[in-house]
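Participant: Below is the structure I would like to discuss, written out as C-alpha cells.
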Amino acid sequence: MTQNVPDFSELLAGAQHSAVHLEMRDWYGVGEEGADFERFRRTGIHPDLDPDSEGWAGWVPLVREAVSRGVVMRRARVVSEPVTDYIRFEHAGTAVNIAAGEQVRWLPRRQASDIALPGNDFWVFDGRLVEFNHFTGAGDWADDRYELSEDPTVVKLCVSAFETVWERGINHAMYAL
C-alpha cells in the first residue's frame, strides 16, 4: 500500500500530549548507523554520546522541542536475551535519548509472550495516530518504510501493546546487559 506519509518531524510537531515508540527487532541495519555500529563492535565503546553533536542533530532537537511543549516521549524495546551486538550498541547510545528527554524501558522478549503485539515497530501520536515502520529482513528500511493508520481498532491494539510492554519494562538505568 502506497501512502503519502508526512515526515516524522511533522508528525511529532503535531503531537500535543504524547509520542510513544515500540521497537521489537534485535537488529536494525539502517545505513546511517553502519560506521558507528562497526566501530562499536570493534571497540565496545559507542562513538557518539554527545547529544549536541552533528550525528544527533536530526533527532535530539526534535525531541527537545516536543518535550519542551509538554509532549511525553516514551520508547520501549522488546529484546531477545542474550542480546545481540546491535542491542548492546543501542543500549549504549540510549544515554543520548534520555539526555534529549525521552523515557526508555526494555522488556526481555520471554516476558512478552502473552502480549498481542503488532507485526511491525510503530509510533503512536496522542493515542490517535499510528505510524508503522517497515524494515527488510536484513533490518534496513523497506521501500515503503512508513504506513499510517487512524483506524480505531489498530490504534487500540498499538496503544494496548505499548502500555503493556511499558508496564512490564525495565527502566533503562536498571536494565543491565
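Participant: Among the listed residues Phe40, Phe122, which satisfies the condition of being within 27 Å of Gln16 (Cβ to Cβ), modelled with pLDDT of 95 or more and either surrounded by 20 or more Cβ atoms within 10 Å (Cβ to Cβ) or among the aromatic types (Phe, Trp, Tyr) (or both)?
Facilitator: Exactly one of Phe40, Phe122 is within 27 Å of Gln16 (Cβ to Cβ), modelled with pLDDT of 95 or more and either surrounded by 20 or more Cβ atoms within 10 Å (Cβ to Cβ) or among the aromatic types (Phe, Trp, Tyr) (or both), namely Phe122.
Participant: Starting from residues that are over 16 Å from Leu22 (Cβ atoms) and without any contact (Cβ under 8 Å) to a residue 40 or more places away in the chain, keep the ones in region 83-112 and report whichever is surrounded by the most Cβ atoms within 10 Å (Cβ to Cβ).
Facilitator: The extreme case among them is Gly101.
Matching residues to (1) touching a Pro at 6+ places or on another chain (Cβ under 7 Å); (2) farther than 30 Å from Ala35 by Cβ:
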| site | (1), (2) |
| --- | --- |
| Arg69 | no, yes |
| Arg77 | no, no |
| Tyr86 | no, no |
| Ala112 | no, yes |
| Ala138 | no, no |
| Ala142 | no, no |
| Ala161 | yes, yes |
| Tyr175 | no, no |
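Participant: Going through region 143-158 one residue at a time, which ones are closer than 17 Å to Pro118 by Cα and without any contact (Cβ under 8 Å) to a residue 40 or more places away in the chain?
Facilitator: Correct list: Arg145, Ser149, Glu150, Asp151, Pro152, Thr153, Val154, Val155, Lys156.
Participant: Could we say that Arg128 is surrounded by 13 or more Cβ atoms within 10 Å (Cβ to Cβ) and more than 29 Å from Glu32 (Cβ to Cβ) here?
Facilitator: yes
Participant: Something else now. Quick one: is Arg77 surrounded by 15 or more Cβ atoms within 10 Å (Cβ to Cβ), not hydrophobic (A, V, I, L, M, F, W, C) and not in a helix (DSSP H, G or I)? Break it down into steps so the answer makes sense when it comes.
Facilitator: Values: surrounded by 15 or more Cβ atoms within 10 Å (Cβ to Cβ): yes; not hydrophobic (A, V, I, L, M, F, W, C): yes; not in a helix (DSSP H, G or I): yes.
Against the criterion (surrounded by 15 or more Cβ atoms within 10 Å (Cβ to Cβ), not hydrophobic (A, V, I, L, M, F, W, C) and not in a helix (DSSP H, G or I)), Arg77 qualifies.
Participant: Let me ask something else about it. Of a type outside the set (A, V, I, L, M, F, W, C), touching a Phe, Trp or Tyr at 6+ places or on another chain (Cβ under 7 Å) and within 30 Å of Leu148 (Cβ to Cβ): which single residue out of His17, His21 fits that description?
Facilitator: The conditions single out His21.
Participant: Tally the residues that are at pLDDT below 95, among the charged types (D, E, K, R) and either surrounded by fewer than 14 Cβ atoms within 10 Å (Cβ to Cβ) or on the phi > 0 side of the Ramachandran plot (or both), restricting the search to region 141-162.
Facilitator: Here the count works out to 2.
Participant: Moving on. State whether the residues of region 163-177 include one that is closer than 22 Å to Tyr28 by Cβ, among the acidic types (Asp, Glu) and modelled with pLDDT of 95 or more.
Facilitator: Checked region 163-177: no residue is closer than 22 Å to Tyr28 by Cβ, among the acidic types (Asp, Glu) and modelled with pLDDT of 95 or more.
Participant: For region 106-124, how many residues meet the condition of being farther than 16 Å from Tyr28 by Cβ and either aliphatic (A, V, I, L, M) or in contact with a Leu (Cβ under 8 Å, 6 or more places away or on another chain) (or both)?
Facilitator: Here the count works out to 7.
Participant: Among the residues of region 44-61, write down those that are under 24 Å from Thr84 (Cα atoms) and assigned to a helix (DSSP H, G or I).
Facilitator: Gly55, Trp56
The values are calculated or read from the model by the stated rules, or taken from the named source; none is laboratory data. Since the model is a prediction, treat every value here as computed from it, not as a measurement. Neighbour counts run over all protein chains shown; Cβ positions are idealised from the backbone, glycine included.
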